Amino acid sequence: MFAFQLLSALSSAALLVSAGPTLSSRACNTSTAVMDLPAGQTQLVSPTSAPLFVLLGVGIQNYTCSSTTSTYTSIGAVASLFDISCLEKSQFASVQTKAYTAWDSPAAGACASEIGSRVGAPKLLGFHYFVTSPSGTGISPKWDFTSTARVPTAYVIGAKTGDITAPTASATNVDWLELNGVQGALATKIFRVDTVNGQPPASCVAGSAPISVKYTAKYYLY
Ligand SMILES: *[C@@H]1O[C@H](CO)[C@@H](O)[C@H](O)[C@H]1NC(C)=O
Ligand SMILES: *[C@@H]1O[C@H](CO)[C@@H](O)[C@H](O)[C@H]1NC(C)=O
């Protein structure tokens, strides 16, 4: 019993040495994964190191209607995170689009955590959602692998440092972001890129109920 627990603690701990070879053997080698960031902007800066994780996010963005401006304000998001480091280059490029089509299809009736297996990325590594900010005020995004890594610190909470409108269809596709990790051991930098959908309608009727808008994106964790 004890030996088993020790062994599983050791392998979980090794998983968290994300930059090392142990993690790469669990996923695929990410050393050639490069984010395709738009030229002519300085908000999002690609680190020179290889990403620790390259993920497909499938979920919803939540909004509430501001009664003063009659526009939607973000109140968080919930998404399933799939490992896409093993996808072939040709599939990798468009995986977020394919995933969105599957996610948005009412006939498919799938929940977010099932979409990965429909686009060749069945490995669910964790979840993205919002929590009370470490400062105690407001909410912050969290990427949480504790359900699969079984290590209490296998998460990261982010604070936004960069934000650009999506390079295509920015009224439909949510912004591309760069965030610094401010808590947790999973990563020190997070990028949201290659977004599909997720934007709210341009205006709302004051007093209307909160809405959820489906989206997909790639997340790169460094
Ligand atoms: C990942 O690929 C790079 C380049 O092909 C190689 O140098 C590196 O050793 C590989 N890492 C692992 C853990 O296989
Ligand atoms: C977002 O809305 C869904 C319902 O559509 C709800 O289940 C979820 O808890 C909400 N999450 C946040 C962070 O607002």
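The values are calculated or read from the model by the stated rules, or taken from the named source; none is laboratory data. What you are looking at is a predicted structure, and each value in this text was computed from that prediction instead of being measured. Methodologically, a virtual Cβ is constructed for each residue, glycine included, from the backbone with ideal geometry; neighbour enumeration extends over all protein chains shown. Keep in mind that these areas ignore ligands, DNA and RNA; they rest on the heavy atoms of the full protein, side chains included. Shrake-Rupley method; radii C 1.70, N 1.55, O 1.52, S 1.80 Å.
Of note:
- Among the residues making up segment 85-94, those that are of a type outside the set (Lys, Arg) and within 16 Å of ligand 1 (Cβ to nearest atom) are SER85, CYS86, LEU87, GLU88, PHE92.
- Residue match in segment 182-194 (condition: within 14 Å of PRO38 (Cβ to Cβ) and either within 16 Å of ligand 1 (Cβ to nearest atom) or open to solvent by less than 10 Å² (accessible area, probe 1.4 Å) (or both)): yes
- Scope segment 77-91; condition surrounded by fewer than 18 Cβ atoms within 10 Å (Cβ to Cβ) and either closer than 30 Å to CYS204 by Cα or touching a residue at least 40 places away in the same chain (Cβ under 8 Å) (or both); matching residues: VAL78, CYS86
- Among the candidates THR97, THR64, the residue that is more than 26 Å from ALA209 (Cα to Cα), open to solvent by 20 Å² or more (accessible area, probe 1.4 Å), touching a strand residue (DSSP E or B) at 6+ places or on another chain (Cβ under 9 Å) and touching a residue at least 40 places away in the same chain (Cβ under 8 Å) is uniquely THR97.
- Residue among LYS142, LYS160 that is open to solvent by 40 Å² or more (accessible area, probe 1.4 Å), in contact with a strand residue (DSSP E or B) (Cβ under 8 Å, 6 or more places away or on another chain) and either part of a loop (DSSP other than H, G, I, E, B) or modelled with pLDDT of 95 or more (or both): LYS160
- In segment 172-181, the residues that are under 20 Å from SER94 (Cα atoms) and either of a type in the set (Asp, Glu) or open to solvent by 10 Å² or more (accessible area, probe 1.4 Å) (or both): THR172, ASN173, ASP175, TRP176, LEU177
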